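Contents: one structure, followed by commentary.
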Amino acid sequence: MIELLTQIADCVERGKVDLNSKYPPDLAGKEGAYELTKKALDTGLKANDILNDGLMTGMNRVGVKFRDGKIFIPDVLIAAKAMKTSMELLKPYFISGEVKHKGSIILGTVAGDLHDIGKNLVSMVVQGGGWNVIDLGVDVSAEKFLNAANEGEANVIGLSALLTSTMQNMKGIVEKVKNEQPMIKFIVGGAPVTSKYAAEIGADAYFAEPQGALEYLNSECV
Ligand code: B1M
């Protein structure tokens with residue numbers, strides 16, 4: 001079981017997406033992150049463990065190598081593809097399929113930022129908890145968040161940012177939307193974001209992981 005998780009982490013780290021992917025050449029013809037994730041689910045491993053101890057472990061190693069200049073953007077992209085392809089298999093385990101929603105949340109990665117893996121995880125977990133997600137995608141401007149808020153379907157907005165530069169854009173988004181819609185709540189997250197920063201920009205809450213966001217929605221936004 002643990003061996004499978006190690007293999008999944010290795011596949012993400014090396015960008016081995018699935019059986020058909022020819023990259024990396026020394027793994028051509030071998031099972032990739034996709035098949036191994038399927039196998040892990042079939043053998044009864046929990047989706048959460050596959051995510052944390054397999055996929056995310058691999059992606060964290062990628063982050064360290066990228067930071068240290070040992071790998072480059074194409075390597076990170078292919079690793080992200082391996083992770084995303086496998087996450088599709090985990091989706092049904094996070095999304096319960098409840099018919100009646102508890103409410104809606106607008107979600108997006110802030111302007112200038114293209115990272116969406118964390119945001120997509122938040123989306124899956126909160127959907128799994130019975131929330132409808134209005135996903136605005138990546139590189140989302142303050143105007144777009146405001147327009148979505150003005151549709152009136154959601155009373156809470158979730159912002160994600162992965163860069164120390166783009167997290168600065170959270171402030172303008174919170175200000176612009178709260179200016180017109182003072183009752184709307186903001187939750188923020190992403191690797192460089194902190195609860196101190198959240199408080200500074202007038203966000204209502206910060207969470208380091210999706211479960212915290214879901215618990216907040218359930219307790220503060222229904
Ligand atoms: Co980028 N990148 N990247 N990258 N990239 C980081 C973030 C970096 C830390 C890597 C490094 O140097 N070690 C670094 C940022 C440095 C900094 O600003 N402090 C960095 C950089 C520099 C860049 C570029 C600028 C590189 C360049 O072009 N020179 C560039 C920027 C592009 C842009 O956005 N404009 C860039 C590009 C990319 C790729 C496109 C190649 C790719 C993204 C692919 C994609 O997302 N579709 C990528 C990736 C994959 C990463 C790393 C390796 C992994 C990020 C990730 O997906 N982590 C990352 C290094 C790292 O983090 N280890 C890195 C897994 C994900 C599940 O975690 O998103 O933190 P995370 O989400 C967590 C929590 O934070 C939380 O829940 C999730 C689960 O626990 N969470 C929330 C997130 N949002 C939340 C919202 C909430 C609540 C919780 O409420 C609403």
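Per residue, the range 159-198 exposes 50 Å² of accessible surface when a 1.4 Å probe is rolled over the protein heavy atoms with every protein chain present. To the nearest 10, the accessible area of Ser219 is 80 Å² with a 1.4 Å probe. Taking a straight line from the alpha carbon of Lys178, these lysines sit under 24 Å away, with near neighbours fewer than eight places off in the same chain left out: Lys102, Lys119, Lys144, Lys196. Shape descriptor for the chain: Rg over Rh equals 1.00 (Cα atoms; Rh from the Kirkwood inverse mean 1/r). In the chain, the portion of solvent-accessible area held by carbon and sulfur atoms comes to 55 percent [1.4 Å probe, whole percent, DNA, RNA and ligands not counted].
The angle separating the long axis of helix 210-220 from the principal Cα axis of greatest extent in the chain is about 30 degrees. Ranking Met1, Met167, Met183 from most to least accessible surface, computed with a 1.4 Å probe over the protein chains only, gives Met183, Met1, Met167.
For Thr109, the residues whose amide H sits under 5 Å from its own are Gly137, Val138, Asp139, Val140, Ser160, ignoring neighbours fewer than 5 places away on the same chain, with H placed 1.01 Å from N. Overall, the anisotropy analysis places the range 104-220 in the rounded class: the square-rooted eigenvalues a ≥ b ≥ c of its C-alpha gyration tensor yield a/c less than 1.5.
Between 0 and 90 degrees, the angle of helix 169-180 with respect to the longest Cα principal axis of the chain falls at about 40 degrees. Put simply, the amide H of Asp116, placed in the peptide plane, has no neighbours under 5 Å, leaving out anything fewer than 5 places away on its chain.
Measuring only protein heavy atoms, the 1.4 Å probe finds Glu88 accessible over about 110 Å².
Between Lys144 and Gln168, the contour length at 0.36 nm per residue exceeds the Cα-Cα span by 7.0 nm. In terms of distances greater than 23 angstrom between alpha carbons, the cross-link table entries Lys81/Lys176; Lys30/Lys84; Lys46/Lys91 yield Lys81/Lys176. Only helices enter the 222 nm calculation for the chain: every DSSP H run of n ≥ 4 contributes -39,500 (n - 2.57), and dividing by all residues gives -15000 deg cm²/dmol, rounded to 500. On a 0 to 90° scale, report how tilted helix 73-94 is relative to the longest principal axis of the chain, with both axes built from alpha carbons and the result rounded to the nearest 10. For helix 73-94, the angle is close to 80 degrees.
Annotation: Thr43 carries an accessible surface of approximately 70 Å², with a 1.4 Å probe and no ligand, DNA or RNA atoms counted.
The values are calculated or read from the model by the stated rules, or taken from the named source; none is laboratory data. Here the structure is a predicted model, which means the values were calculated and not measured. SASA here: full protein model, heavy atoms, side chains in, ligands and nucleic acids out. Shrake-Rupley method; radii C 1.70, N 1.55, O 1.52, S 1.80 Å.
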